[in-house]
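Note sheet for the following structure.
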Amino acid sequence: MKSEQIYDDKPGVIFVFCLLYALHMVEEFTLGFVEWANEYFGSFDWTQNIIGNTIFFICLFIACCLYYKNSVKYLWVGMSAAMWVLTNSFIHISSTILGGEYSPGVFTAMVLYIPGGIYFLMRWGKKGLLNWKNVVLSFLVGGMAFMLVPTFLRAVLLHAQFAKIFHLVK
């Protein structure tokens, strides 16, 4: 019988990303993300927020399930979840710094997302699993396709005030 290599002896821990996301949503929903996003992105409302976050959560949950099912085959998917939370953190932190005002979600991004993402990257790194292929693929999927592309598409399709996203205009 062929024995499959095991990358993670506790693959269920990956579901912590779902918990972190839920806590992040509590901060965003209760502390005014929709109003803040409407000011900086333009044309943003609760419907978009709920639809977008539902889609993000479903994708994140599927990524966690795939990793849990087979952490060898779907290592890059688990890494994509880590890259997604780190990219989301970057957006919240840069918006707060560049805009000079609180971006709802920045607290959980700094206190939960960054440590969570780094924890998993370090965990995989200690096992020698971080290589250029895994890191680049997971960043392209988790950071770019999952986080930034929807933001750019929204800007184009809904005529969002794209320059204000990055505080290039006041």
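If the cut-off is a Cα-Cα distance under 12 Å, which aspartates and glutamates reach Lys126, setting aside same-chain residues fewer than 8 apart in sequence?
Result set, ordered by chain and number: Asp8.
Under a plain spin-label model, where a point goes 7 Å from the Cα along Cα-to-Cβ, how far apart in nm are Tyr119 and Cys18?
1.6 nm
Mind listing P(r) for the stretch 22-105? All alpha-carbon pairs, 5 Å bins, whole percents.
P(r) over the stretch 22-105, rounded to whole percents: 3, 14, 19, 23, 17, 11, 8, 5, 1.
What does the extension gain come out to for Glu101 and Asp45, with contour length at 0.36 nm per residue minus their alpha carbon separation? Can you show the working numbers first?
Numbers: separation 56, 0.36 × 56 = 20.16 nm, distance 1.99 nm.
Between Glu101 and Asp45, full extension yields 18.2 nm more.
On alpha carbon coordinates alone, what is the Rg over Rh value for the stretch 1-151, Rh being the Kirkwood radius?
On the way: Rg = 16.1 Å, Rh = 16.0 Å.
Computed over Cα atoms, the ratio is 1.01.
Using a 10 Å cut-off around each Cβ, can you sort Val16, Val26, Val85 from fewest to most neighbouring Cβ atoms? Write down the numbers at each step before the final one.
Numbers: Val16 15, Val26 12, Val85 27.
Exposure proxy ranking, most exposed first: Val26, Val16, Val85.
Relative to the present Cα-Cα distance, how much length would full extension add between Val111 and Ala145 at 0.36 nm per residue of separation? Mind showing how you got there, number by number?
Numbers: separation 34, 0.36 × 34 = 12.24 nm, distance 2.42 nm.
So the extension gain works out to 9.8 nm.
No lab work stands behind these numbers, since they all come straight from the coordinates. Quantities reported herein were computed from a predicted structural model and do not represent experimental measurements. For neighbour counting, all protein chains shown are included, and Cβ atoms are generated from backbone atoms with ideal geometry for every residue, glycine included.
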